[in-house]
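Single-structure report; data block below.
Nothing in this text is a laboratory measurement; each read-out follows from the coordinates by a stated rule. Everything numeric in this text was worked out from a predicted model, so none of it was measured. Reconstructed Cβ throughout: ideal geometry from the backbone, glycine too, with neighbour counts over all protein chains shown.
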Amino acid sequence: MQLRRGNLFLVGMPGSGKSTLGRVLARNLGKTFVDADHELERRLGVSISTIFEIEGEETFRAREEETLARLVQRVDIVLATGGGAVLRQANRDRLKSGGTVLYLHATPETTFERTRHSKNRPLLQTADPLARARSLYDLRDRLYRETADLVIEVDHQKSAQVLLFLREQLDPLVAPTGAAAPVQPDT
């Protein structure tokens, strides 16, 4: 598989490993890593939780869309998107045209285990966060699959295993130098 515009865009549920794996991929492919949520927080000067609390989800999604529109214009990046970025059709279209989209698929139970102690996940701050994770998964899984060029099962995989799988799938010309970068797993 050859990368569109040299970009890899990671989509998936909160806690699926987009940021963690994205950093490893970027380092190993010689690309720049960008976390869309962190970029949005940097641009606005406040946390995503604060945006949700003060302005609500709809305003957050509008701000997320603006940020994503700028980020997908870049070249040679690995982009970790926010878990809900696929909710808007415009975002799905931009992701599909601006790069190669990887869906990091994990079950709601796995993502719940990975995020259950986090206070930075506003949609999971409910009386029953596992039920909420299942509900979000039911809503989003189809959208992730519709957007993705490749679905990667990450439930019980370490970053190194996913990286090796991806290296087999990706065209050897993904590194900016034209040669595949050596695999150096994140341990």
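Structure notes:
- Computed E for Ala62/Phe165 - FRET, C-beta separation, R0 35 angstrom, nearest 0.05: 0.50
- Size of charge dipole - the range 4-172 - debye, nearest 20, with Cβ of Lys, Arg +1 and Asp, Glu -1, no other charges: 380 debye
- Taken one residue at a time, the phi angles of the range 87-102 give Karplus couplings (6.51, -1.76, 1.60, θ = phi - 60°) of 5, 9, 4, 4, 5, 4, 5, 5, 4, 5, 8, x, x, 8, 9, 10 Hz. Gly and Pro are set to x.
- Cβ-based charge dipole, the range 4-172, positive-most Cα from Phe9, His156, Ile51: Phe9
- When Thr50, Thr115 are arranged by Cβ crowding within 10 Å, least crowded first, meaning fewest neighbours, the order is Thr50, Thr115.
- Tensor-based shape of the range 4-172 (alpha-carbon gyration tensor, a/c under 1.5 rounded, otherwise prolate or oblate): oblate
- Averaging the sequence gap over all C-alpha pairs within less than 8 Å and six or more residues apart, then dividing by the number of residues, gives the range 4-172 a relative contact order of 34 percent.
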